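A.B. asks: Handing you a structure now.
The values are calculated or read from the model by the stated rules, or taken from the named source; none is laboratory data. Note that the coordinates shown come from a computational prediction; the quantities given were computed from them, not determined experimentally. We place every Cβ from the backbone using ideal geometry, glycine too, and count neighbours over all the protein chains shown.
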Amino acid sequence: MPRILIAASGTGGHIFPALAVAESLPKFWTIYWLGVSDRIESKLLPHQYELSTLQVGGLQGSFLKKVWSFIKLVGAIPSVIAVIKSKDIDIIFTTGGYIAAPVILGAKLCRVKVLLHESNAFPGRVTRSLGRFCDLVALGFPDAIQYLNGCRTSVTGTPVRDVFFRKHSLPSWVPLGEGPLVVVMGGSQGAIGLNQMVRHTFDCLLKQGCRIVHLTGEKDRESSSWTHPNLVTKSFTGDIPGLLQHADLAICRAGAGTISELAICQTPAILVPYPFASDKHQDFNAAFCAENGGGLIIHQQQKSIKFFEELIIRLLKNLIDPNSSSEDLLYRMKKGMDSIAIKDSKEKLVDILISYL
């Protein structure tokens with residue numbers, strides 16, 4: 001019976017693709033999970049996956065904090081080796097992030113094969129540094145290849161959970177009506193800058209008859225600052241697939257997982273990349289999406305709210321005014337999103353894992 005160790009931690013962007021692969025593995029495989037103490041994997045993982053944890057962190061902050069974090073990453077290698085040996089692991093799958101560093105090096109010392117999945121168009125620091133020590137680096141976007149000299153790579157796309165491939169009705173709590181449906185996703189961490197930016201457009205959009213669903217995240221203290229019959233504000237919902245399938249337009253961050261979900265649902269999007277990422281990976285993701293016609297990019301530093309409002313209204317023009325003769329930009333963007341969707345990403349990754357046994 002094959003025994004696989006999945007190393008994924010910290011954010012939904014790392015954990016959800018790994019969960020999608022885990023759920024697609026043959027039922028007779030034994031799955032072990034490696035995460036980090038006090039991160040969201042302890043809440044998101046199904047009970048059937050045995051979770052082991054490491055005490056590690058990312059290389060952010062002051063110089064001394066970075067040095068200490070690096071020491072902890074190196075010091076975690078023996079713990080990884082202990083897990084590999086005690087669980088008799090046959091193969092490892094990791095979705096990157098800082099947990100992948102000790103995992104890749106520990107696997108190399110134990111001569112266990114590693115499949116690393118890199119979801120971003122610009123690979124993360126661990127992927128750029130240690131990808132050559134992996135048996136294969138699977139890529140979410142083809143643009144990433146140019147940054148990974150010396151690595152074996154394959155473009156597989158980023159796995160999306162099965163729920164996005166099923167048809168859903170519009171959630172019952174969404175305002176009814178004929179107006180265009182705009183879904184704003186601030187992210188699980190509460191993208192305060194994005195939320196504040198979009199709120200300035202609400203008055204204009206609501207006057208045009210739009211229906212708005214604003215998912216603010218849990219850290220937005222202004223989540224109740226707007227009330228209107230055509231506006232619903234929530235910190236979180238499990239109805240994302242249904243919302244995206246019925247949305248006329250999404251306004252959101254440009255995480256690789258988010259773009260993959262938008263592509264599967266063929267949802268046109270205005271992408272607002274997270275401006276404080278150390279390697280600007282969301283800018284690269286958004287650029288790939290825009291180059292293929294699926295989305296438009298607005299930067300959070302954009303000071304002209306008037307320009308933002310006019311862009312949204314222009315995209316929704318044919319839905320706001322059925323008699324309009326304007327070009328159907330949303331239809332073109334739907335086709336653009338469909339062109340970048342890789343619908344069999346899970347199957348590709350599972351096939352690679354099986355081939356390594």
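A.B. asks: Determine whether the range 73-85 contains at least one residue that is modelled with pLDDT under 65 and either of a type in the set (Phe, Trp, Tyr) or more than 12 Å from residue 98 (Cβ to Cβ) (or both).
C.D. replies: No, every residue in the range 73-85 fails to be modelled with pLDDT under 65 and either of a type in the set (Phe, Trp, Tyr) or more than 12 Å from residue 98 (Cβ to Cβ) (or both).
A.B. asks: Filter the range 153-188 down to residues that are within 26 Å of residue 346 (Cβ to Cβ) and either buried (at least 21 other Cβ atoms within 10 Å of the Cβ) or not aliphatic (A, V, I, L, M) (or both), then give me how many there are.
C.D. replies: Within the range 153-188, residues that are within 26 Å of residue 346 (Cβ to Cβ) and either buried (at least 21 other Cβ atoms within 10 Å of the Cβ) or not aliphatic (A, V, I, L, M) (or both) number 20.
A.B. asks: So, one more: So which residues in the range 117-126 are out of contact with any Gly (no Cβ under 6 Å at 6 or more places or on another chain) and assigned to a strand (DSSP E or B)?
C.D. replies: 117
A.B. asks: Take the residues of the range 18-53 that are under 13 Å from residue 97 (Cα atoms) and in contact with a helix residue (DSSP H, G or I) (Cβ under 8 Å, 6 or more places away or on another chain): which is surrounded by the most Cβ atoms within 10 Å (Cβ to Cβ)?
C.D. replies: Filtering first and then ranking leaves 34.
A.B. asks: What pairs come out if I take residues in the range 316-345 that are touching a residue at least 40 places away in the same chain (Cβ under 8 Å) and closer than 30 Å to residue 155 by Cα and pair them with residues that are acidic (Asp, Glu) and surrounded by 12 or more Cβ atoms within 10 Å (Cβ to Cβ) whose C-beta lies under 7 Å away, six or more apart or interchain?
C.D. replies: Every condition considered, the pairs that remain are 330/248.
A.B. asks: So, one more: Which of the residues that make up the range 239-248 are in contact with a helix residue (DSSP H, G or I) (Cβ under 6 Å, 6 or more places away or on another chain) and among the aliphatic types (A, V, I, L, M)?
C.D. replies: The one that is in contact with a helix residue (DSSP H, G or I) (Cβ under 6 Å, 6 or more places away or on another chain) and among the aliphatic types (A, V, I, L, M): 244.
A.B. asks: Sticking with this one: Here are some conditions: (1) over 30 Å from residue 289 (Cα atoms); (2) at pLDDT 95 or above; (3) not β-branched (Val, Ile, Thr). Residue 102 meets all but one. Which one does it not meet?
C.D. replies: All conditions are met except number (2).
A.B. asks: Residues being assigned to a loop (DSSP other than H, G, I, E, B) and of a type in the set (A, V, I, L, M, F, W, C): count how many of those fall in the range 273-315. Full working, then the answer.
C.D. replies: Step one: filter the range 273-315 for residues assigned to a loop (DSSP other than H, G, I, E, B), giving 273-280, 292-294, 298-304.
Okay, now just the ones that are also of a type in the set (A, V, I, L, M, F, W, C), so 276-277, 298.
Adding up the residues that qualify gives 3.
A.B. asks: Moving on to the next point. Quick check on residue 150: is it small (Gly, Ala, Ser) and buried (at least 21 other Cβ atoms within 10 Å of the Cβ)?
C.D. replies: no
A.B. asks: Further, regarding this structure: For the range 175-195, which residues satisfy the criterion of being over 12 Å from residue 246 (Cα atoms), at pLDDT 90 or above, touching a Leu at 6+ places or on another chain (Cβ under 7 Å) and of a type outside the set (Val, Ile, Thr)?
C.D. replies: 185
A.B. asks: Right, something else. Could you tell me which numbered condition residue 69 fails, if it satisfies all but one of (1) crowded, with 16+ Cβ neighbours inside 10 Å; (2) at pLDDT 90 or above; (3) not in a loop (DSSP other than H, G, I, E, B)?
C.D. replies: It is condition (2) that residue 69 fails.
Yes or no, residue by residue, for (1) assigned to a helix (DSSP H, G or I); (2) in contact with a strand residue (DSSP E or B) (Cβ under 8 Å, 6 or more places away or on another chain); (3) outside the structural domain of residue 274 (by TED's automatic domain parsing); (4) in contact (Cβ under 8 Å) with a residue 60 or more places away in the chain:
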{"site": "146", "(1), (2), (3), (4)": "yes, no, yes, no"}
{"site": "150", "(1), (2), (3), (4)": "no, no, yes, no"}
{"site": "172", "(1), (2), (3), (4)": "no, no, no, no"}
{"site": "179", "(1), (2), (3), (4)": "no, yes, no, yes"}
{"site": "195", "(1), (2), (3), (4)": "yes, yes, no, no"}
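A.B. asks: Which one is surrounded by the fewest Cβ atoms within 10 Å (Cβ to Cβ) among residues in the range 1-13 that are at pLDDT 90 or above and within 19 Å of residue 162 (Cα to Cα)?
C.D. replies: Within the range 1-13, the match that is surrounded by the fewest Cβ atoms within 10 Å (Cβ to Cβ) is 6.
A.B. asks: Could you pull out the residue among 163, 103 that is assigned to a helix (DSSP H, G or I), touching a residue at least 60 places away in the same chain (Cβ under 8 Å) and more than 23 Å from residue 36 (Cα to Cα)?
C.D. replies: Details: 103 fails: more than 23 Å from residue 36 (Cα to Cα).
Only one candidate passes the filter, namely 163.
A.B. asks: How about the range 1-31: which of its residues are without any contact (Cβ under 8 Å) to a residue 40 or more places away in the chain and among the basic types (Lys, Arg)?
C.D. replies: Within the range 1-31, just 27 meets the criteria.
A.B. asks: If you scan the range 132-144, which residues turn out to be farther than 24 Å from residue 340 by Cα and either in a loop (DSSP other than H, G, I, E, B) or of a type in the set (Gly, Ala, Ser) (or both)?
C.D. replies: Initial filter on the range 132-144 (farther than 24 Å from residue 340 by Cα): 132-135.
Answer for the range 132-144, where residues must be farther than 24 Å from residue 340 by Cα and either in a loop (DSSP other than H, G, I, E, B) or of a type in the set (Gly, Ala, Ser) (or both): 134, 135.
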